[in-house]
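First up is the structure itself, then whatever we jot down about it.
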Amino acid sequence: MNQGSESWRSGPNSAALTGDFWERIFNLSVVVLLALAATAKFLAAGSNAQFLSTPDPVLLAPLRWVLVGTALLEVGIATFLVLGRNQRIKLLTLLWLSVNFALYRVALWWIQRDDPGLCWGMLGDTLPVGCRLVDGMRKAVLAYLFLGGLFFLLRSRVTTAVNRLSPRERRRLKWSAMTVGCLLLLPPLQIGCTAVFNPPTTAPMALRWAKGKLVGPPVTANRYAWRDLNAVADVFLKSVVAGEDTAFFEHGGFSWEQIRLAIREAVARKRPPRGASTITQQCARSVFLWQGRSWIRKGLEAYYTVWMELLLSKRRILELYVNAIELGDGVYGVEAGARHHYEISARQLTADQAAMLAAILPSPKKWNPHQPPERVRQWQGRILARVHEMPWPLAVSPETQ
C-alpha cells in the first residue's frame, strides 16, 4: 500500500496535478483582479465627473461608456474563467485582453503628452487613489496577465519538447540556461558594487587603453580622478541636468515623452530618430558599456538602466555620471575636465565654465570650450537660463540626498 502510494506521488500524474493546482491559483487571482478592476470602473462611471462626457482620445467614444464597456468585458472574461472548461482558450483570452490593453496604452502615449494617462477614465480623479498609482498598478496587472498567460500556455509544450531531448542535449540546455542566467545577473552585480565602491575605471577607459596597446596608434594615458558630489561645483551639476535631462529626478530611467517626440520628428523628416537618452542611460554606457550606435548596445543599455534605477539613488547615478563623462580625448570626469580645460578643480568652476562643459558633452572630442562654435555658445546660454529656472532637490543638503 505504501509503495503504491509513493509510486502515485512520484509518478507523472504528480506533476500534472501540481501544474493544475498552480493554473487554478493563477485563474483565481486573475478573476479577483478583473472583478476589482471592473468594480472600480463601474464606480468611476457612476460618478458626476464632467470629463466622463468627453470623448476618449483613442476610442473616440464618451469616457463613461468606455468605462462601462471595459468593465463589462472584464466581468465577462472573469465569468468565463470560472465557468469555462477549455484552459487553452482561457489563456488565449487573457493574452488577447492584455495585448489590447497594452496597445491602447501605446496609442494613448502617442497621442497624449507626458502624463500618467487617462487610467481608463481618470480613475484617480473619481476614486480616493492617486492617478499615477492607478496607472502603475494597471501596468503591473497587464504584465501579470500577459506573462502568466504566456507561461501556462507554453509550459506543457516546453515540457514535452524537453522530455524528447537526449541526456546529452539536456545537459547542453542546462548549461546554456545557466550561462544565460549568469549573464543576466552580471549587470545587477556590477551595479551593486558601484553602489558601495567608487569605480577605479570604466569600460570606455579600458577599451581606449586596450585599443592603444593592441591596435594602435598609441594613445595618451587616461585622465581620471574621482570626486564626490559635495566636491563638485553645484552649478556644474545643475548645468549637466539642465543640458542633458531636465526630468532626471522625475522619470524612472526612460523619458517616454522625449522618445515619443524623437519618433514623431523622425517620421516627419524621414530620418533616423535622434537620441533621447536620459542621464541614467548615458551613465550606463559611460560606466559599463561602450560608445557607438548599435541595437545590441542599446538593448544592454536599457537593461542596465532598469537595474540602475532599482538599485541606485538618483544622487548616486548623477555622481557616477559626472565622474564618467568624457570631456576631451582621454579626459574622463568633471575633475579631470576642469583641470584640463581651465586648470582649476571641479569645486571652483564658475557658472559660465560649468555651462560650457555641459554644452560640449554631445561631442567633447570635437568641440573646444575655449573656441566653441556658435551653436555651442547658444546652447551654453540656454543651459544657463534653465539652471536659474528648474527646481533642484539636491541643493538643500547634498550630503544627505
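The values are calculated or read from the model by the stated rules, or taken from the named source; none is laboratory data. Since this is a predicted model, take the numbers as computed values, not measurements. Here the Cβ positions follow ideal geometry from the backbone for every residue, glycine too, while neighbour counts run over all protein chains shown. Surface accessibility is based on the protein's heavy atoms, side chains included, excluding ligands, DNA and RNA. Shrake-Rupley method; radii C 1.70, N 1.55, O 1.52, S 1.80 Å.
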Odd one out for Ala247 among (1) of a type in the set (A, V, I, L, M); (2) crowded, with 18+ Cβ neighbours inside 10 Å; (3) within 24 Å of the chain's Cα centre (by Cα): (2)
Determine whether the stretch 265-281 contains at least one residue that is at pLDDT below 90, part of a helix (DSSP H, G or I), in contact with a Phe, Trp or Tyr (Cβ under 8 Å, 6 or more places away or on another chain) and surrounded by 13 or more Cβ atoms within 10 Å (Cβ to Cβ). no
Report yes if Pro116 is at pLDDT below 80, touching a Lys or Arg at 6+ places or on another chain (Cβ under 8 Å) and open to solvent by 20 Å² or more (accessible area, probe 1.4 Å), otherwise no. yes
Pairs, first under 17 Å from Val334 (Cα atoms) and assigned to a loop (DSSP other than H, G, I, E, B) in the stretch 214-226, second open to solvent by 80 Å² or more (accessible area, probe 1.4 Å) and of a type in the set (A, V, I, L, M, F, W, C), C-beta under 9 Å, six or more apart: Ala221/Trp209; Asn222/Trp209
Yes/no for Ala385 being open to solvent by less than 10 Å² (accessible area, probe 1.4 Å) and either within 15 Å of Ser239 (Cα to Cα) or in contact with a Ser or Thr (Cβ under 7 Å, 6 or more places away or on another chain) (or both): no
Of all residues in the stretch 227-244, how many are open to solvent by 60 Å² or more (accessible area, probe 1.4 Å) and either in a helix (DSSP H, G or I) or touching a Lys or Arg at 6+ places or on another chain (Cβ under 9 Å) (or both)? 2
Cβ contacts < 6 Å: first residue in contact (Cβ under 8 Å) with a residue 12 or more places away in the chain, restricted to the stretch 57-80; second residue open to solvent by 40 Å² or more (accessible area, probe 1.4 Å) and part of a helix (DSSP H, G or I), any location; separation 6+ or different chain. Result? Pro57/Ile111; Ala71/Phe42; Ala78/Ala35
Restricted to the stretch 161-213, and to residues that are within 21 Å of Lys314 (Cβ to Cβ) and small (Gly, Ala, Ser), which residue is most open to solvent (accessible area, probe 1.4 Å)? Ala195
Kindly evaluate Pro369 against the criterion of being touching a strand residue (DSSP E or B) at 6+ places or on another chain (Cβ under 7 Å), open to solvent by less than 30 Å² (accessible area, probe 1.4 Å) and either on the phi > 0 side of the Ramachandran plot or not polar (S, T, N, Q) (or both). no
